[in-house]
Amino acid sequence: MILSQRNGIIVRVMKESDYPIVKTFLRDYFHYDEPMGMGLKEQIHLQNEEEVDRQYLAVITQGLSLVALDDNNGGLLVGIAVAETMDRSEMAKQHKEADEMEPNALGRSRKLIAKMEREAKIFERFGVSSYMNLLAISVHTSMRKRGLLVILSRSLFELGRLRGLPLFIGSGTNYYSTQAAIKEGCESIHSLAYADYKDDHGRPIYNPPAPHTHIRVLAAKL
């Protein structure tokens, strides 16, 4: 299904067969470009690799994820958005898994996301039984600050509406993607300064450069 097609950029629903190039894209333009991965010495893209592959493929089969392809450049993958349906039982399962993960880079990031979701009280706040949950969104460096994040956001919202989901939720870890989401109608319902998220010794776990100062839970009614 094509959600957007303009100026040679095609945004369509992600397929399982896309995963090999999506996995490489996540490594090159997401994991180490996100505030929780900036300057990271651990190879987060290799941590729990088989399990992470299985999880991503299971999410892709839900049909809520997107790829953006540059038809002017041989169909080059220039953007991705990975999203899933979230309900109470799936959230409880994911939070339990996060709590039990080893304290590596992947485990630390999953624990912070779980903490933010718990504190935001999403189901209680919005009175929904399920919603569209964004796991990752990123664009190729050549396409940044050119409006592709906005196109991906709009396409996600449209897809969520088509699938009958009443609500969109995303973790705004990155200042720029957060601003793009807010411009498209998202609101910040919970936030935490990275400087205030500390380890047992009182040291900040994450210290990304400005303007990436906060992680936020973003919401938009669909």
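The values are calculated or read from the model by the stated rules, or taken from the named source; none is laboratory data. These figures come from a predicted structure and were not determined experimentally. Quick reminder, even Gly has a Cβ in these numbers, built from the backbone with ideal geometry, and neighbours come from all protein chains shown. The area values use the complete protein model at the heavy-atom level, side chains included, leaving out ligands, DNA and RNA. Shrake-Rupley method; radii C 1.70, N 1.55, O 1.52, S 1.80 Å.
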**Prompt:** If we scan segment 8-15, do we find a residue that is outside any loop (DSSP other than H, G, I, E, B), surrounded by fewer than 16 Cβ atoms within 10 Å (Cβ to Cβ), on the phi < 0 side of the Ramachandran plot and touching a residue at least 12 places away in the same chain (Cβ under 8 Å)?
**Reply:** no
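Residue-by-condition table, conditions (1) part of a loop (DSSP other than H, G, I, E, B); (2) of a type outside the set (Phe, Trp, Tyr); (3) modelled with pLDDT under 95:
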site	(1), (2), (3)
Phe25	no, no, no
Asp33	yes, yes, yes
Leu40	yes, yes, yes
Glu51	no, yes, no
Gln62	yes, yes, no
Gly79	no, yes, no
**Which numbered condition Pro208 misses (of (1) in contact with a Phe, Trp or Tyr (Cβ under 8 Å, 6 or more places away or on another chain); (2) more than 24 Å from Gly107 (Cα to Cα); (3) in a loop (DSSP other than H, G, I, E, B))** = (2)
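Please work out if Pro208 is open to solvent by less than 40 Å² (accessible area, probe 1.4 Å) and closer than 30 Å to Glu42 by Cα. Give the steps one after another, and end with the answer.
Details: open to solvent by less than 40 Å² (accessible area, probe 1.4 Å): yes; closer than 30 Å to Glu42 by Cα: yes.
It is true that Pro208 is open to solvent by less than 40 Å² (accessible area, probe 1.4 Å) and closer than 30 Å to Glu42 by Cα.
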**Request:** Name, by its number, the condition in (1) free of Cβ contacts under 8 Å to residues at least 24 places away in the same chain; (2) open to solvent by less than 30 Å² (accessible area, probe 1.4 Å) that does not hold for Thr24.
**Result:** (2)
**Asked** Looking at this structure, is Ile215 assigned to a strand (DSSP E or B) and touching a residue at least 24 places away in the same chain (Cβ under 8 Å)?
**Response** yes
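In segment 45-74, what residues are small (Gly, Ala, Ser) and open to solvent by 30 Å² or more (accessible area, probe 1.4 Å)?
The initial filter retains those residues of segment 45-74 that are small (Gly, Ala, Ser), namely 58, 63, 65, 68, 74.
Those that are small (Gly, Ala, Ser) and open to solvent by 30 Å² or more (accessible area, probe 1.4 Å): Ala58, Gly74.
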**Item:** Residue count for segment 3-49, restricted to those that are closer than 22 Å to Val150 by Cα, touching a Ser or Thr at 6+ places or on another chain (Cβ under 9 Å) and of a type in the set (Val, Ile, Thr)
**Value:** 4
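If I ask for residues that are hydrophobic (A, V, I, L, M, F, W, C) and within 20 Å of Tyr176 (Cβ to Cβ), which ones from segment 1-43 would you list? So that I can check it myself, show each step before the final result.
Initially, segment 1-43 is screened for residues hydrophobic (A, V, I, L, M, F, W, C), giving 1-3, 9-11, 13-14, 21-22, 25-26, 30, 36, 38, 40.
Answer for segment 1-43, where residues must be hydrophobic (A, V, I, L, M, F, W, C) and within 20 Å of Tyr176 (Cβ to Cβ): Ile9, Val11, Phe25, Leu26, Phe30, Met36, Met38, Leu40.
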**Prompt:** Applying the selection to segment 1-18, what residues are within 20 Å of the chain's Cα centre (by Cα), among the hydrophobic types (A, V, I, L, M, F, W, C) and under 10 Å from Ser155 (Cβ atoms)?
**Reply:** Leu3, Val11, Val13
**Message:** Need the failing condition index for Ala92 against (1) outside any strand (DSSP E or B); (2) over 16 Å from the mean Cα position of the chain (by Cα); (3) surrounded by 16 or more Cβ atoms within 10 Å (Cβ to Cβ), just the number.
**Reply:** (3)
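Could you tell me which residue of segment 64-77 is farthest from the chain's Cα centre (by Cα), considering only residues that are assigned to a loop (DSSP other than H, G, I, E, B) and within 19 Å of Met1 (Cβ to Cβ)?
Our first condition is that a residue be assigned to a loop (DSSP other than H, G, I, E, B); within segment 64-77, this holds for 64-65, 74-75.
Checking which are within 19 Å of Met1 (Cβ to Cβ) leaves us with 64-65, 75.
Numbers: Leu64: 12, Ser65: 10, Gly75: 23 Å.
For segment 64-77, the residue satisfying everything is Gly75.
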**Complete:** By my count, helices (runs of 4 or more DSSP H) wholly in segment 106-194 with at least 2 residues that are buried (at least 17 other Cβ atoms within 10 Å of the Cβ) and within 14 Å of the chain's Cα centre (by Cα) are 148-162, 175-183
